[in-house]
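Working notes, beginning with the structure itself.
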Amino acid sequence: MRRDKLLDRMRQNPRNDWRMRDVETLARRYGLSINRPKRGSSHVTLRHDSGTKLTIPDHRPIKPVYIRKLVTMIDQLEENHE
């Protein structure tokens, strides 16, 4: 499988000024659904068909802990897929 440059950049530098559109781009590439509540919340929930989910506050910059969790989640999904 071809290397994902965005995922590699997130893995190497989770402290970068990541935006929610970067997270959503990566989520779509790996088959995650994106749920944005219509009102009352500033959090975005990413879900996979396997039941895995991750909720990320939609603030800028996104904290490194959430980027690390996203990278770990994708790595686990890829590992289970193989």
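The values are calculated or read from the model by the stated rules, or taken from the named source; none is laboratory data. Since we're looking at a predicted model, the values are computed, not measured. Here the Cβ is made from the backbone with ideal geometry for all residues, glycine too, and neighbour counts use every protein chain on show.
List of remarks:
- The set of residues in segment 38-82 that are free of Cβ contacts under 8 Å to residues at least 60 places away in the same chain, touching a strand residue (DSSP E or B) at 6+ places or on another chain (Cβ under 7 Å) and not β-branched (Val, Ile, Thr) comprises SER42, HIS43, LEU46, ARG47, LYS53, LEU54, PRO57, ASP58, TYR66, LYS69, MET73.
- Looking only at residues of segment 12-37 that are of a type in the set (Lys, Arg), over 21 Å from GLU79 (Cα atoms) and free of Cβ contacts under 8 Å to residues at least 40 places away in the same chain, we find that the one that is surrounded by the fewest Cβ atoms within 10 Å (Cβ to Cβ) is ARG21.
- Residue ID - surrounded by the most Cβ atoms within 10 Å (Cβ to Cβ), chosen from residues in segment 40-61 that are at pLDDT below 90 and of a type outside the set (Gly, Ala, Ser): ASP58
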